[in-house]
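Asker: Dumping the structure here so I can ask a few things about it.
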């Protein structure tokens, strides 16, 4: 069960948090040229969706910790508890709680409307602290750009990268659309129930 929870948390991180960050950049660029209200409505709904996903991430993360504490033997349980509440506790708690706090702050209209905060939040959602440390340390190495062979070793070429980022945004928008339709059905059902009781 723990493997499924870890997979779901990584899926949320990669396919929803990263896609929301990419969508935010795309939204701000396209809002310069396109002044249609539908674009603003899509942005509002994507903010509601990512707030919901943030709560889902928090619930799954807590369930994952509880399940892991229950299945570990005593030695590994003590090690995990030391990581959670020991000397370097902030390394364990910072990233997940940062993602949850950012997604919940997007519920506020003033924060959603602030371009600087939205871009900052997008970067923080796309890049985990672990990724930022890897990027920073890789810039401090003594490698010459001519020796970089990232594209040949892992099979990612610039055209594939652009296509995968574009598909990530499309999949995110499909999920936003599904979320919107479910919310609309729930609201209409709730309104029908309220009308029947009047």
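The values are calculated or read from the model by the stated rules, or taken from the named source; none is laboratory data. All values reported here derive from a predicted model rather than from experimental measurement. Every residue, glycine among them, receives a Cβ derived from its backbone with ideal geometry; neighbour counts consider all protein chains shown.
Asker: Given the criteria at pLDDT 90 or above and either farther than 19 Å from residue 100 by Cβ or surrounded by 13 or more Cβ atoms within 10 Å (Cβ to Cβ) (or both), does residue 81 qualify?
Answerer: Against the criterion (at pLDDT 90 or above and either farther than 19 Å from residue 100 by Cβ or surrounded by 13 or more Cβ atoms within 10 Å (Cβ to Cβ) (or both)), residue 81 does not qualify.
Asker: Of all residues in segment 113-129, how many are exposed (fewer than 14 other Cβ atoms within 10 Å of the Cβ) and in a helix (DSSP H, G or I)?
Answerer: Within segment 113-129, residues that are exposed (fewer than 14 other Cβ atoms within 10 Å of the Cβ) and in a helix (DSSP H, G or I) number 6.
Asker: Further question on the same structure: If I filter segment 61-77 for residues that are surrounded by 12 or more Cβ atoms within 10 Å (Cβ to Cβ), under 30 Å from residue 170 (Cα atoms), in contact (Cβ under 8 Å) with a residue 12 or more places away in the chain and within 12 Å of the chain's Cα centre (by Cα), do I get at least one hit?
Answerer: No.
Asker: Among 53, 38, 12, which is the only one that is under 30 Å from residue 109 (Cβ atoms) and surrounded by fewer than 12 Cβ atoms within 10 Å (Cβ to Cβ)?
Answerer: Going through 53, 38, 12 in turn, just one is under 30 Å from residue 109 (Cβ atoms) and surrounded by fewer than 12 Cβ atoms within 10 Å (Cβ to Cβ): 38.
Asker: Consider residue 176 against the criteria (1) under 24 Å from residue 26 (Cβ atoms); (2) modelled with pLDDT under 90; (3) in a helix (DSSP H, G or I): it satisfies all of them except one. Which criterion is unmet?
Answerer: (2)
Asker: Could you go through segment 113-127 and let me know if any residue there is modelled with pLDDT of 65 or more and over 21 Å from residue 23 (Cα atoms).
Answerer: no
Asker: Take residue 82 and tell me if it is farther than 30 Å from residue 162 by Cβ and without any contact (Cβ under 8 Å) to a residue 12 or more places away in the chain.
Answerer: yes
Asker: While we're on this one: Among (1) over 17 Å from residue 13 (Cα atoms); (2) surrounded by 16 or more Cβ atoms within 10 Å (Cβ to Cβ), there is one condition residue 102 misses while meeting the rest; what is its number?
Answerer: Only one criterion in (1) over 17 Å from residue 13 (Cα atoms); (2) surrounded by 16 or more Cβ atoms within 10 Å (Cβ to Cβ) is unmet by residue 102, namely (1).
Asker: Another question, then. Only one residue in 42, 5 is more than 11 Å from the chain's Cα centre (by Cα) and within 17 Å of residue 170 (Cα to Cα). Which one?
Answerer: Just one listed residue meets the conditions, 42.
Asker: Return only the number of the condition from (1) loosely packed, with under 10 Cβ neighbours inside 10 Å; (2) at negative phi; (3) modelled with pLDDT under 90 that residue 110 does not satisfy.
Answerer: Result: residue 110 passes all but (3).
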